[in-house]
1. Please indicate, with yes or no, whether at least one residue in segment 132-150 is at pLDDT 95 or above and among the acidic types (Asp, Glu).
2. Inside segment 200-220, can you point out the residues that are modelled with pLDDT under 95, open to solvent by less than 80 Å² (accessible area, probe 1.4 Å) and either in contact with a Leu (Cβ under 6 Å, 6 or more places away or on another chain) or in a helix (DSSP H, G or I) (or both)?
3. Consider Arg229 against the criteria (1) part of a strand (DSSP E or B); (2) in contact with a Leu (Cβ under 6 Å, 6 or more places away or on another chain); (3) surrounded by fewer than 21 Cβ atoms within 10 Å (Cβ to Cβ): it satisfies all of them except one. Which criterion is unmet?
4. Any idea which of Asp76, Asp45, Asp69, Asp61 is acidic (Asp, Glu), surrounded by fewer than 24 Cβ atoms within 10 Å (Cβ to Cβ) and touching a helix residue (DSSP H, G or I) at 6+ places or on another chain (Cβ under 8 Å)?
5. Looking only at segment 128-179, count how many residues are part of a helix (DSSP H, G or I), in contact with a strand residue (DSSP E or B) (Cβ under 9 Å, 6 or more places away or on another chain) and over 20 Å from Phe204 (Cβ atoms).
6. How many residues does segment 67-99 contain that are over 29 Å from Glu181 (Cβ atoms) and assigned to a loop (DSSP other than H, G, I, E, B)?
7. How many of the residues making up segment 79-95 are among the β-branched types (Val, Ile, Thr) and either over 15 Å from the mean Cα position of the chain (by Cα) or crowded, with 22+ Cβ neighbours inside 10 Å (or both)?
8. Go through (1) under 23 Å from Ile17 (Cβ atoms); (2) open to solvent by 20 Å² or more (accessible area, probe 1.4 Å); (3) under 18 Å from the mean Cα position of the chain (by Cα) for Leu138 and report which single condition fails.
Amino acid sequence: MQQKSFLSLGPHGFHRIAYTHWGFEEAGRTAICAHGLTRNSRDFDELAQALTDTHQVICPDMAGRGYSDWLLNPSDYGFPLYVNDMATLLAKIGDEKVDWIGTSMGGIIGMMLAIQPNSPIQRLIVNDVGPFIPKDSLARIGDYLGMDPKFPSLEALEQHLRLIHAPFGPLSDEQWKHLAEHSAKKCEDGQFAFHYDPAISQPFKEADPVDVDLWPIWESIKCPVLILRGEDSDLLTKETAQEMLKRGPDAELVEIPKVGHAPTLMDETQIGLVKQWLTG
């Protein structure tokens, strides 16, 4: 695994986007793994390692997360900038065909890229997200987004992660520790904070929660899609997931038991689902 970066242009200047690069170009296929709203590229370490026998794997940190730059103007945090950044990443990679694996926000970015003319996305996996998002689930996320808590130790931060991300489902102690280590940054006073810009919450604060309707985007996707849904998810409801099979692209749905929003793609079963679908 290598840490790399590139410059991308936003409305208020250039910013640096960091990414992890797994495997080798000689693999012949490329997979891009895009994380959720407050997460980062290292969520995909286990999946990326498992895919390197068939793919080179690129896992970006979206602007304001992980090792990517925080934006000078918080109002720029949003899908237009994220899509532009990922288009720049695709141009840098130079592959005419890629597989896209997107969790939550990362899945929406993938959907938006997949509908563009001459899109390089050949296969799309949307992990616990769809074209309709209930406002109640967004309000739940907004409750903890942007709070910017500080923790006296990494262990204390991990306990908080286990609380707010309990819907991730059963994870091992080692996996929770991995998430905590890569979700944390050490402050000058020795405390720990989350490794993202609290200002990514600004778009949430500027608007009242409303249902998100992206059906026109979903119905414009042409490539095959695998829909992964946490059985207990409040963001991708069972009703929406079933409707996704009736409208839009050629899609397959797999539900992950004992998981809410969102499956972490860290255990062998979930990783196996992704590998089988991409290579089937």
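1. No, segment 132-150 has no match at all.
2. Ile200, Ser201, Gln202, Pro203, Phe204, Pro209, listed by residue number.
3. Tallying (1) part of a strand (DSSP E or B); (2) in contact with a Leu (Cβ under 6 Å, 6 or more places away or on another chain); (3) surrounded by fewer than 21 Cβ atoms within 10 Å (Cβ to Cβ), Arg229 fails exactly one: (3).
4. On the way: Asp76 fails: touching a helix residue (DSSP H, G or I) at 6+ places or on another chain (Cβ under 8 Å); Asp69 fails: touching a helix residue (DSSP H, G or I) at 6+ places or on another chain (Cβ under 8 Å); Asp61 fails: surrounded by fewer than 24 Cβ atoms within 10 Å (Cβ to Cβ).
Step by step, each of Asp76, Asp45, Asp69, Asp61 is checked, and only Asp45 is acidic (Asp, Glu), surrounded by fewer than 24 Cβ atoms within 10 Å (Cβ to Cβ) and touching a helix residue (DSSP H, G or I) at 6+ places or on another chain (Cβ under 8 Å).
5. Selection size over segment 128-179: 6.
6. 5
7. Number of matching residues: 2.
8. If we test Leu138 against (1) under 23 Å from Ile17 (Cβ atoms); (2) open to solvent by 20 Å² or more (accessible area, probe 1.4 Å); (3) under 18 Å from the mean Cα position of the chain (by Cα), just (1) comes out false.
The values are calculated or read from the model by the stated rules, or taken from the named source; none is laboratory data. What you are looking at is a predicted structure, and each value in this text was computed from that prediction instead of being measured. As a convention, Cβ positions derive from the backbone with ideal geometry for all residues, glycine included, and neighbour counts pool all protein chains shown. Surface accessibility is based on the protein's heavy atoms, side chains included, excluding ligands, DNA and RNA. Shrake-Rupley method; radii C 1.70, N 1.55, O 1.52, S 1.80 Å.
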